[in-house]
Amino acid sequence: MSGRIAVYTKGNGRGLGAFHYEIAGGEIGRGKHDHVVFDTDAPARIVFTDHRRFGLMTIVETAALESHKLFRRLGAEPLSRQFDAEYLKAALRNKKTPIKSALLDQHVIAGMGNIYVCEALWRSRISPKRQAARVKVVQIGVLAPAIKQVLQEAVRAGGSSLRDHRQTNGELGYFQKMFAAYDREGQPCMRRGCHGRIKRIVQSGRSTFYCPTCQVY
């Protein structure tokens, strides 16, 4: 959503890859929104910066990770082999919430954000207001691969830089230039043959963008 972990080191920082930044002085890590700082023997300084305070950091033994309260009930990772139409069909069974809200539930799918849910629903022609349990099997068969496709394209584009998100090399992501639904309120639908306009509604406190003309399933 926002925030970043940056690695600062002297010179080229051999072995740290392309994601490090050269130390600019002693003020690194002392910013208003720098919440966690590690100084390592590399030498390197690792800084966790979070303007919106959505993130948290904790220490967990590796053996206890899957049983930890923050992880034990997470749904399948959408780019994993576990996630497919059959998994999604089972996860949505008996869900009375709108499909948009269900897909944002981390107990259903782990890691799906608001932007990518909106985009996947648009590609699948599914109304975000449809009750999750009432989405037809054939549409779930379209939605599951659409979720994977949207995320894969976003990863290749370096994510969506709407505020302060940056790629690991410090450059901005550019998936926001490919949005078909998100943040396009009032603009023409980009689906060929559709003459609708993107509408914004609020669901579970989050903005939802969709085309009421072609997202009817």
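The values are calculated or read from the model by the stated rules, or taken from the named source; none is laboratory data. Everything numeric in this text was worked out from a predicted model, so none of it was measured. Note that each Cβ is placed from the backbone with ideal geometry, even for glycine, and that neighbours are counted across all protein chains shown. Accessible surface is based on the protein model in full, side chains and every heavy atom, while ligands, DNA and RNA are left aside. Shrake-Rupley method; radii C 1.70, N 1.55, O 1.52, S 1.80 Å.
Label-to-label distance, Ser67 versus Val36, with points set 7 angstrom from Cα along the beta-carbon direction: 2.3 nm. Accessible area ranking (1.4 Å probe, heavy atoms, ligands and nucleic acids excluded), largest first, for Lys136, Lys32, Lys100: Lys32, Lys136, Lys100.
Shape call for segment 62-121 from the C-alpha gyration tensor, a ≥ b ≥ c root eigenvalues: rounded (a/c under 1.5), prolate (a/b greater than b/c) or oblate? It is prolate, given that a/c is not under 1.5 and a/b is the larger ratio.
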